[in-house]
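The values are calculated or read from the model by the stated rules, or taken from the named source; none is laboratory data. Predicted, not measured: the structure shown is a model, and the values here were computed from it. Note that each Cβ is placed from the backbone with ideal geometry, even for glycine, and that neighbours are counted across all protein chains shown.
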Amino acid sequence: MNARVVSVRVKQILVVEDNEDDSRLFEIFLKEADPSGIRLKHSMTISDTLDLLREYGDEVDCIILDLSLPDSFGLDGFETIKKAFPKIPIVICSGTEDENMAMEALQAGGQDYLIKGRFDSHLLFRSVLYAIERQDMLSKLEEQAFLIKENEQRYRLLFEHNPHPILLYNFDSERILDLNQETERIYGYDREELLGIKFSELFVGQAGVEEDRRYAPVQNGKNIPETHVHRTKDGLPLLMEITSYRFQLQGKEVVLAILVDMTKWKQSEDSLLQSLRDKEALLQEIHHRVKNNLQIMASLLNLQANYAKNKEVTRELKDTESRIYSMSLVHNELYNSKSLAEIGLRSYVDKLLDNLWNVYGIGSEIKREIDVGQLSLAVEKALPIGMMINEIATNSIKYAYQEKKQGQFYIKAKFQNGVFLLVVGDDGKGIPDYPQIESKETLGLQLIRILSKQLKAKLDINTAAPGTRFQIEFSY
């Protein structure tokens, strides 16, 4: 499960995308990750984007940019925006998987390159959030570089009190040249212990050996963040995200490494995943117990029906038994399902009808046609739909084939354009005097109407022979 992240302050994100579906998806993902900390602006062309940034550029924290726009293609639009507004971080979301273009964009200052359809809300929000953080950090570092020339003391103040560990080391020898207080605190070393050792000595490989410290971003002169496992002085593992900047300092090639401790974030994620697994186990147990209790009730009713001497009482008890079974079956399907929120309609309907055919002793004389595809239903929809199918099928079994002993009972369902359509019926004798008996409906018909209202569904009943047909239609 993806953890929801809450921002400290409201962030203004500009989405540059001409596809309304993609633009809407970005909005859904970002609001899902942080519903109260994100404000969005939209633009469909580079021209409109530049006009908007000229007016609101100071308010925009990050840009999400599509590379295929009506007035721009490839990196042209990115370069135009970056040149005009170099301080605003840009996350590229492209529908094209092009490694060369991705590397060019990152070399030119892009913060991230995401492929459409390959990220979720958590990954998109994290990319945007880190882009803002990295741009903020980069801006601070640029300011620090200026302050070094003006005032060494001011530089030291900013360097030392940075909230993230920062290391400066020689690119060739990898010897650490400088570090801040946060580095000492995170790694547990004294300053003197860290100065002079190799940056690579902080790394831990898969088998406890040192990793190749000249990882790709530094080796190729690029500042792409990478996550590596480090170790503290006490040998404890640290999950660190490293962004490195390679440059010349006093005639020597050095690397400035900015580190973000991801250990607690990872632990929190693992804890949330475990919590989710625990809740899923609890829900499964609840569904199991509810199912068992309902089945006990159904069994008691069945036992009572077998001992009842009055045929009318026996029939009513069997009807009630089938209603309870339709409810218990939902919980049984959920208990055996990978999802605790939905059940497969085909499996549910098959088992529901199998039970009714068994309760009323129906053989192959009444055939069944089920056409529901691979549809799934949420619990709150499955319960009323199952009970309606139960009532309609019970009615068909009891009344539709009194004159002819063979027939066909059918169930059809489909989902299209946000509408769920369910058609249930038979080819029996129908209900010729339905208008006259509508005012004094049976319990079954009353239940069907009540359940339809619960679903806010449109209910249509066709009772003219051959057969009776129920059509239930609702938004879903």
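Out of F125, F146, which single residue is surrounded by fewer than 13 Cβ atoms within 10 Å (Cβ to Cβ) and either more than 16 Å from A257 (Cβ to Cβ) or at pLDDT below 70 (or both)? Reasoning before the result, please.
Numbers: F125 fails: surrounded by fewer than 13 Cβ atoms within 10 Å (Cβ to Cβ).
When all the criteria are applied, what remains is F146.
In the range 167-188, which residues are under 20 Å from D234 (Cα atoms) and touching a strand residue (DSSP E or B) at 6+ places or on another chain (Cβ under 9 Å)? Talk me through it step by step, then tell me what you get.
Taking the range 167-188 first, the residues under 20 Å from D234 (Cα atoms) are 167, 176, 179-188.
Answer for the range 167-188, where residues must be under 20 Å from D234 (Cα atoms) and touching a strand residue (DSSP E or B) at 6+ places or on another chain (Cβ under 9 Å): L167, I176, L179, N180, E182, T183, I186, Y187.
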### Message
Just to be sure I understand the filter: pairs with C-beta atoms under 9 Å, separated by 6 or more residues or on different chains, first member in the range 103-117 and under 12 Å from K82 (Cα atoms), second member part of a loop (DSSP other than H, G, I, E, B) and at pLDDT 85 or above. Which pairs pass?
### Response
A105/L67; A105/L75; A108/L75; G109/P86; G109/P89; G110/L75; G110/P89; Q111/P89
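To keep it simple, each residue is scored yes or no on (1) more than 32 Å from the chain's Cα centre (by Cα); (2) closer than 11 Å to V16 by Cα; (3) of a type in the set (K, R).
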{"position": "K41", "(1), (2), (3)": "no, yes, yes"}
{"position": "D48", "(1), (2), (3)": "no, yes, no"}
{"position": "E59", "(1), (2), (3)": "no, no, no"}
{"position": "L67", "(1), (2), (3)": "no, yes, no"}
{"position": "G74", "(1), (2), (3)": "no, no, no"}
### Message
Looking at the range 261-278, I want the residues that are at pLDDT 75 or above and have a partner that is part of a helix (DSSP H, G or I) with Cβ atoms under 7 Å, at least 6 apart or on another chain. Which pairs are those?
### Response
D261/I186
### Message
If I filter the range 79-96 for residues that are crowded, with 17+ Cβ neighbours inside 10 Å, more than 20 Å from M44 (Cα to Cα), touching a residue at least 60 places away in the same chain (Cβ under 8 Å) and under 33 Å from the mean Cα position of the chain (by Cα), do I get at least one hit?
### Response
no
### Task
Quick one: count up the residues across the range 7-28 that are crowded, with 19+ Cβ neighbours inside 10 Å and within 14 Å of the chain's Cα centre (by Cα).
1
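Within the range 224-260, which residues are small (G, A, S) and free of Cβ contacts under 8 Å to residues at least 40 places away in the same chain?
As a first pass, look at the range 224-260 and keep what is small (G, A, S): 235, 244, 251, 257.
Of everything in the range 224-260, those that are small (G, A, S) and free of Cβ contacts under 8 Å to residues at least 40 places away in the same chain turn out to be G235, S244, G251.
Could you identify the single residue in K83, K87, K41 that is touching a strand residue (DSSP E or B) at 6+ places or on another chain (Cβ under 9 Å) and of a type outside the set (D, E)? Let's see the steps before the verdict.
Values: K83 fails: touching a strand residue (DSSP E or B) at 6+ places or on another chain (Cβ under 9 Å); K87 fails: touching a strand residue (DSSP E or B) at 6+ places or on another chain (Cβ under 9 Å).
Matching residue, one of K83, K87, K41: K41.
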### Message
Just to verify a result, which residue in the range 32-54, among those that are at pLDDT below 90 and in a helix (DSSP H, G or I), is surrounded by the fewest Cβ atoms within 10 Å (Cβ to Cβ)?
### Response
E32
### Summary
Of the residues in the range 1-31, those that are at pLDDT below 85, small (G, A, S) and closer than 28 Å to A84 by Cα come to S7
### Query
Quick one: in the range 353-406, which of the residues that are within 19 Å of K456 (Cα to Cα), of a type in the set (D, E, K, R) and surrounded by 16 or more Cβ atoms within 10 Å (Cβ to Cβ) is modelled with the highest pLDDT?
K381
### Task
For the range 216-239, enumerate the residues that are at pLDDT 50 or above, surrounded by fewer than 16 Cβ atoms within 10 Å (Cβ to Cβ), under 16 Å from F171 (Cβ atoms) and out of contact with any helix residue (DSSP H, G or I) (no Cβ under 7 Å at 6 or more places or on another chain).
Q219, N220, G221
#### Entry: Residues of the range 423-447 satisfying the condition of being at pLDDT 70 or above and farther than 26 Å from K404 by Cα
Q446, L447
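Mind telling me which of the residues L124, L138 ends up being under 29 Å from the mean Cα position of the chain (by Cα) and assigned to a helix (DSSP H, G or I)? Step through it out loud before you land on a result.
Details: L138 fails: under 29 Å from the mean Cα position of the chain (by Cα).
Just one listed residue meets the conditions, L124.
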### Task
Answer yes or no: is there a residue in the range 86-103 that is modelled with pLDDT of 90 or more and either in a helix (DSSP H, G or I) or small (G, A, S) (or both).
no
#### Entry: Output for the range 398-421, where each listed residue is in a strand (DSSP E or B) and in contact (Cβ under 8 Å) with a residue 24 or more places away in the chain
G407, Q408, F409, Y410, I411, K412, A413, K414, F415, V419, F420, L421
